[in-house]
Amino acid sequence: MTATIDNPRTLDELKTAVLGTWASLAVELRPTEDRLGTGKVTPTYLRRRFTYNPDGTFVGVITMYADNYGQAPLLEFTFAGDVVWHGPHPIADGAFAVDYILNAEFAVTPLNPMSADMLNAEPVPGMAPFAVGTKTSILGRAFPMFGITEGQTVGDYDLLYVHAGLLFMGAKHVDGTPFDKPENRPHQLQIPLERA
């Protein structure tokens, strides 16, 4: 296949092709490991929106829902920072490994009272209680519910691939294991994003 902006094959082509904003085609389903450490895997319904900037930074917004069709919003996560590019990923010709380093923003916004109550179940010293519709920064803060320690810079170890004008990231592991370590980098492609 000939390389184009819709089908980049080299790292430089991919870096150019991803620039701009991308969003979910519809509400997506993914497996998520229980944050309480029980080992239970639960279904998570969400929409993603990612913006890639020419300076090598990104902004991501993930909105989570209680239902298949996005009628009952639960939480919104906003995160931003640097994209660190690596070599080719073996899943497809033109796919490359990337690290998302959340060093500019990491915030949580509860979108209904149930979510605020859940987040407030484990109060964080020095942090005001979560309130519906209010974005609260957890950047650099200890946040036990997410397994984050004080001063920790959170990273996500993923992949990027553009094919036929759609942006693919890595599919979540079926056991819900997060991409929180380089050895947990995904091996398959997730549902793609389209240009927003």
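If you go through region 19-34 and pick out every residue that is among the β-branched types (V, I, T) and not in a strand (DSSP E or B), you end up with 1. When the residues of region 1-18 are filtered to those that are assigned to a loop (DSSP other than H, G, I, E, B) and under 23 Å from D55 (Cβ atoms), the one that is modelled with the lowest pLDDT is I5.
If the condition is being over 17 Å from I62 (Cα atoms), hydrophobic (A, V, I, L, M, F, W, C) and not in a strand (DSSP E or B), then region 138-155 contributes A142, M145. A single entry from G94, G81 fulfils the requirement of being in a strand (DSSP E or B), at positive phi and surrounded by 15 or more Cβ atoms within 10 Å (Cβ to Cβ): G81.
Condition check ((1) outside any strand (DSSP E or B); (2) surrounded by 12 or more Cβ atoms within 10 Å (Cβ to Cβ); (3) modelled with pLDDT of 95 or more; (4) among the basic types (K, R)) across all residues:
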{"residue": "A131", "(1), (2), (3), (4)": "yes, yes, yes, no"}
{"residue": "Y157", "(1), (2), (3), (4)": "no, yes, yes, no"}
{"residue": "L160", "(1), (2), (3), (4)": "no, yes, yes, no"}
{"residue": "L167", "(1), (2), (3), (4)": "no, yes, yes, no"}
{"residue": "D175", "(1), (2), (3), (4)": "yes, no, no, no"}
{"residue": "P186", "(1), (2), (3), (4)": "yes, yes, yes, no"}
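Taken together, the residues in region 43-73 that are outside any loop (DSSP other than H, G, I, E, B) and either modelled with pLDDT of 95 or more or surrounded by fewer than 11 Cβ atoms within 10 Å (Cβ to Cβ) (or both) amount to 19. Filtered by the rule that a residue be touching a strand residue (DSSP E or B) at 6+ places or on another chain (Cβ under 8 Å) and over 16 Å from E194 (Cβ atoms), region 17-39 gives L29, R30, P31, T32, E33, D34, G39. If you go through region 106-118 and keep only what is surrounded by 16 or more Cβ atoms within 10 Å (Cβ to Cβ) and either touching a Leu at 6+ places or on another chain (Cβ under 8 Å) or over 15 Å from F143 (Cα atoms) (or both), you end up with F106, A107, V108, T109, P110, L111, S115. Taken together, the residues in region 92-118 that are out of contact with any strand residue (DSSP E or B) (no Cβ under 6 Å at 6 or more places or on another chain) and aliphatic (A, V, I, L, M) amount to 2. Does any residue of region 120-128 turn out to be more than 18 Å from the chain's Cα centre (by Cα), in a strand (DSSP E or B) and farther than 21 Å from A23 by Cα? Within region 120-128, not a single residue is more than 18 Å from the chain's Cα centre (by Cα), in a strand (DSSP E or B) and farther than 21 Å from A23 by Cα.
None of T4, T44, T78 is among the β-branched types (V, I, T) and out of contact with any strand residue (DSSP E or B) (no Cβ under 7 Å at 6 or more places or on another chain) except T4.
Here D99 qualifies as in contact (Cβ under 8 Å) with a residue 24 or more places away in the chain, acidic (D, E), surrounded by 15 or more Cβ atoms within 10 Å (Cβ to Cβ) and in contact with an Asp or Glu (Cβ under 9 Å, 6 or more places away or on another chain).
As a summary of the residue check, T38 satisfies the conditions (1) within 21 Å of T177 (Cα to Cα); (2) at pLDDT 95 or above; (3) polar (S, T, N, Q); (4) part of a loop (DSSP other than H, G, I, E, B) except for the one numbered (2).
The values are calculated or read from the model by the stated rules, or taken from the named source; none is laboratory data. The model shown is predicted, which means the values in this text are computed figures rather than measured ones. Every residue, glycine among them, receives a Cβ derived from its backbone with ideal geometry; neighbour counts consider all protein chains shown.
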